[in-house]
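Inspection log for the structure reproduced underneath, given as structure tokens.
Laboratory data are not the source of any read-out in this text; all were calculated from the coordinates shown. Just so it is clear, the model here is predicted, and its values are computed rather than measured. All Cβ positions, glycine included, derive from the backbone under ideal geometry; neighbour counts span all protein chains shown.
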Amino acid sequence: MPENVNATSCNDVSLPRRAALLGGAATALTAPAVFGQPTTNIRCGFWDHWVPAGNDALRRLCAQWGERNRATVGVDFITSVGNQNLLTIAAQAQSRSGHDILSFPAWEPASHARMLVNVDDVMGRLTAKYGAVTPAAEYLGKQDGRWVAIPAVSGTQMKPACVRIDLMQQHAGIDIRAMWPAENRAGPGADTWNWETFAVAAEKCNRAGFAFGLPMGSFTDAVDWVGALFASYGANVMDERGGITVRGNAKLRAAVEMCVRIARQLPNDVWAWDDASNNRALISGRSALVFNPPSAWVSARRDQPAVGAQCWTVPVPSGPEGRFVGYLPYFWGIWNFSRVQGPAKELLEFLSDRASAEVQTNTSAGYDIPPFLSMNDFPVWSNEGPPVGTVFNYPIKAHHNARTSVAFAPAPPAMAVQAYNQALNTKLIARIAQANETVDQALGWLERELNTIRRGG
Amino acid sequence: MPDSMTAAVSAPRGPESGAGGGLRRLARRRSTIAFLMTLPLICVIVGLVAYPAAYAVYLSTLNRRMDGFAGLLQFEILVDNETFWLVVWQSCLFAISAVLAKALIGFWLAHMLHHIPTKGQRKWRGMLLIPWVIPPALSTLGWWWMYDPTYSSLNWILAIFAVPAVPWLGEPWWARISVIMVNVWYGAPFFMIMYLAALKSVPEQLYEAAAIDGATSWQRLRHITLPMMQNIISITVLFSLIVTFANYDIVRVLTNGGPRDLTHVFATYAFQVGILSGNIPRGAAVSLFMLPALAVFAYFILRGVNRRNREMA
């Protein structure tokens with residue numbers, strides 16, 4: 001029995017080596033508890049931020065929370081390039097294993113509502129402290145009367161207008177900076193900033209060779225700005241119960257006609273633009289306006305400083321039913337197969353508090369928008385530049401009289417997500433403006449597509 | 001193995017020879033050994049082919065929430081949907097035209113290469129294979145840049161000749177042609193290398209005999225080359241058709257199915273419906289839709305190959 005011999009000679013006790021190893025392993029496992037070391041492991045899969053430093057903010061915050069709470073927080077960053085995050089979510093939902101906390105893009109909490117832990121308690125405490133969340137976040141994150149995920153700070157964006165100050169002044173005669181100064185007030189002419197004014201400006205800038213860079217394809221930037229325009233006309237295509245409201249809808253027809261009018265003033269390839277095409281249009285100096293978060297301006301500041309210095313973010317034009325801005329949030333959700341649901345909730349509550357939210361927003365140069373309207377006053381939006389104050393109007397301010405919009409709301413999310421991802425609103429416009437169908441023909445097609453979606457439930 | 005079999009049968013039964021002897025006999029059988037040797041392959045096929053396929057069939061029979069059996073509902077909905085028929089038509093157009101173009105270009109390239117002296121042939125062969133060895137997602141990104149209407153090299157060249165900029169990916173027919181062109185660029189080298197191998201296997205004596213009989217080059221091609229290459233052409237076309245029908249990355253990178261769904265193929269539409277729109281059963285139904293058509297096509301092609309093999313034997 002050489003094992004016994006070895007064990008004896010090493011430890012001076014009569015203990016087999018295997019038993020000694022097992023005993024050592026057991027001691028090692030219990031040691032952390034004895035000495036107050038981490039006992040909880042939380043695995044997080046966060047969205048891999050466009051802004052590289054954005055990941056560092058979350059990593060630091062998680063480490064900080066872990067130290068305070070004797071927990072080990074493992075953080076993975078999952079890219080949305082190639083829809084890797086969607087594939088990860090689908091795979092984890094199917095296998096019922098993976099991370100404890102995951103970042104869910106806009107529509108995913110609704111899709112996986114039954115597999116997500118109820119976070120009403122966390123949201124209750126957060127709203128008690130910070131007030132209401134923006135309504136679009138509630139539409140996406142609250143399903144069947146319960147919060148299934150927490151609206152995240154990291155990755156959440158809005159899509160107001162990023163305007164070239166010089167080109168707008170020169171070709172459309174609009175002093176956009178005076179109209180929307182970096183102050184908590186509207187400037188002269190702000191009340192005329194509506195879709196009619198916008199369409200006229202689009203025509204003038206197009207004639208001057210600086211067409212607005214508005215995508216009309218099937219990616220989110222396209223669907224979101226058209227969705228915001230539709231919302232500002234009160235043009236819903238489906239009601240809350242999934243009833244189709246296309247036929248005889250005068251508001252929808254008015255919105256479509258306005259959108260077609262604008263689309264005719266855009267470059268002839270916008271039908272195939274992706275979410276980067278509008279950024280390129282702005283950065284290259286060929287476009288007078290895009291609807292985008294500050295990432296377009298940040299890239300322009302880096303690659304084309306002269307262009308970046310002329311960019312100014314302003315609210316989206318208003319329509320007959322008000323002013324709406326495209327909103328594309330992320331959510332933090334906890335899988336119901338997680339074994340650390342309590343600590344995971346605590347971590348998410350920590351990441352959502354004002355101080356943590358400000359860290360995330362600051363690190364992303366103001367890109368990340370907190371879901372709580374009371375947090376839209378972080379100094380970063382006033383201080384970023386050049387020009388200083390360029391993103392002051394990026395988050396919704398009281399004087400904007402604006403609301404967030406999600407295309408195809410208020411349709412039930414299970415149906416709206418299909419219409420959204422199939423870009424039915426931009427295809428509707430394309431059928432008229434590109435394929436020369438009549439408005440009635442195009443609306444008939446839309447109704448049939450919505451019927452198909454509804455039929456599948 | 002008859003001796004050992006006899007020995008095993010005729011050996012006297014000891015106290016342990018019941019189950020143990022049976023196992024030994026089973027292990028000595030040729031079929032058992034063959035089965036054991038193919039077991040790894042069977043495991044791979046079951047795990048990576050049969051199971052995913054069966055799971056896809058199962059998924060396609062569920063309702064959208066995946067909590068109830070819906071029979072053929074997903075297929076019924078697809079059949080009633082005009083966008084889906086657009087996808088069917090587009091997939092056929094994409095696959096058939098791309099495979100035809102690849103076969104013709106590959107055939108022509110193979111002939112050109114075959115007639116280059118052996119010394120220089122390797123160099124050309126290597127160069128012509130480059131499109132096929134670059135990962136398609138990467139090379140498609142290069143094409144995407146070239147097709148960009150505002151900043152691309154293609155339109156820059158056209159501008160030199162005062163030709164107006166072409167919206168390569170924004171106008172439906174240009175977009176269709178563009179995705180087909182990239183697929184042909186990527187896949188033609190595969191046909192070329194297969195046809196070149198087939199050409200090299202045609203006995204030179206047949207051409208010599210034909211030359212003595214006064215056959216023209218067209219007659220040599222028609223009566224010698226093509227019949228001798230028929231099997232490889234059939235199998236290559238079949239293989240390429242299946243791969244092209246299932247293509248995803250080219251359309252996804254270049255157009256994402258746009259404009260107005262006019263470049264969607266089965267795979268991109270299935271991804272859009274299944275993963276992006278959260279309707280996995282319908283996405284599975286879309287991806288399964290091409291299976292019967294391809295299976296029938298494969299059956300006839302392979303039957304032709306077998307028949308010709310029997311005739312040649």
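Counting Cβ atoms of other protein chains within 10 Å of each Cβ in A:216-223 and taking the mean gives 3.
Label positions at B:Trp145 and A:Val200, each projected 7 Å from the Cα along the C-beta direction, are separated by 4.3 nm. Round to the nearest 10 and give me the degree value, 0 to 90, for the angle of helix A:250-263's Cα axis relative to the longest principal axis of chain A. Tilt relative to chain A: about 90 degrees. Using the Cα gyration tensor of chain A, with a ≥ b ≥ c the square roots of its eigenvalues, what is the shape: rounded (a/c below 1.5), prolate (a/b larger than b/c) or oblate (neither)? Verdict is prolate for chain A. Taking amide H atoms as placed 1.01 Å from N in the peptide plane, the amide H of A:Thr72 lies under 5 Å from those of A:Thr39, A:Thr40, A:Asn41, A:Ile42, each 5 or more residues away in sequence or on another chain.
For chain A, the mean residue ellipticity at 222 nm estimated from helices alone is -14000 deg cm²/dmol, where every DSSP H run of n ≥ 4 contributes -39500 (n - 2.57) and the total is divided by all residues, rounded to the nearest 500.
Of A:Asp353, B:Asp261, the sequence from fewest to most neighbouring Cβ atoms within 10 angstrom is A:Asp353, B:Asp261.
For chain B, just say rounded, prolate or oblate: build the C-alpha gyration tensor, square-root its eigenvalues into a ≥ b ≥ c, call rounded for a/c under 1.5, and beyond that prolate if a/b exceeds b/c, oblate if not. Judged from the Cα gyration tensor, chain B comes out oblate (a/c at least 1.5, b/c at or above a/b). Karplus-derived 3J(HN,Hα) values for the stretch B:134-141, using 6.51 cos²θ - 1.76 cosθ + 1.60 with θ = phi - 60°, are 6, x, x, 4, 6, 5, 5, 4 Hz; glycine and proline are entered as x. Taking other C-beta atoms within 10 angstrom as a stand-in for reagent exposure, B:Ile33, B:Ile235 fall in the order B:Ile33, B:Ile235, fewest first.
Rounded, prolate or oblate, given the Cα gyration tensor of the protein assembly as shown, with a/c below 1.5 counting as rounded?
oblate
Shielding value for A:271-280 is 5, the average number of Cβ atoms from other chains within 10 Å of each residue's Cβ. Going through the cross-link list A:Lys204/A:Lys251; A:Lys142/A:Lys397; B:Lys123/B:Lys200, which pairs have a Cα-Cα distance over 19 Å in this structure? Violating the 19 Å limit, Cα to Cα: A:Lys204/A:Lys251; A:Lys142/A:Lys397.
Phi angles across the stretch A:389-398 convert, under the Karplus curve 6.51 cos²θ - 1.76 cosθ + 1.60 with θ = phi - 60°, into 3J(HN,Hα) values of x, 4, 10, 4, 8, 5, x, 6, 10, 4 Hz, Gly and Pro given as x. Here A:Lys159 is the anchor, and the aspartates and glutamates within straight C-alpha reach of less than 17 Å, apart from those fewer than 8 places off in the same chain, are A:Asp221, A:Asp224, A:Asp274, A:Asp275, A:Asp368. Seen against the Cα atoms of chain A and their longest principal axis, helix A:2-11 is set at about 90 degrees. Loop-located chymotrypsin sites (Phe, Trp or Tyr not before Pro) across the stretch A:308-378 with a Cβ neighbour count of 16 or fewer within 10 Å are A:Phe337, with loop assigned by DSSP. Per residue, the average separation of C-alpha pairs within less than 8 Å and at least 6 apart gives chain A a relative contact order of 23 percent. When A:Asp224, A:Asp191 are sorted by how many other C-beta atoms sit within 10 angstrom of their C-beta, beginning with the fewest, the order is A:Asp191, A:Asp224.
Amide H to amide H, with H built 1.01 Å from N, A:Trp147 comes under 5 Å of A:Val119, A:Asp120, counting only residues 5 or more places away or on other chains.
With contacts taken as Cα pairs under 8 Å and at least 6 residues apart, the stretch A:333-395 reaches a relative contact order of 18 percent. Applying the Karplus relation 6.51 cos²θ - 1.76 cosθ + 1.60 with θ = phi - 60° to the stretch A:145-150 yields 3J(HN,Hα) values of x, 10, 6, 9, 7, 9 Hz, where x marks Gly and Pro. In this structure, the amide hydrogen of A:Ile78, modeled 1.01 Å from its nitrogen in the peptide plane, lies closer than 5 angstrom to those of A:Phe46, A:Trp47, A:Asp48, counting only residues at least 5 positions away or on a different chain. When peptides A:403-411, B:118-126, B:176-184 are sorted by average Cβ neighbour count within 10 Å, with the highest value leading, the order is A:403-411, B:176-184, B:118-126.
Counts of other chain beta carbons within 10 angstrom of each beta carbon in peptide A:422-434 average 3.
Structural descriptor for the stretch B:80-312: relative contact order 27 percent, calculated from alpha carbon pairs under 8 angstrom and at least 6 residues apart.
Positive-end ranking of A:Asn85, A:Gln360, B:Met181 along the dipole of the protein assembly as shown, with charges on Cβ about the Cα centre, is headed by B:Met181.
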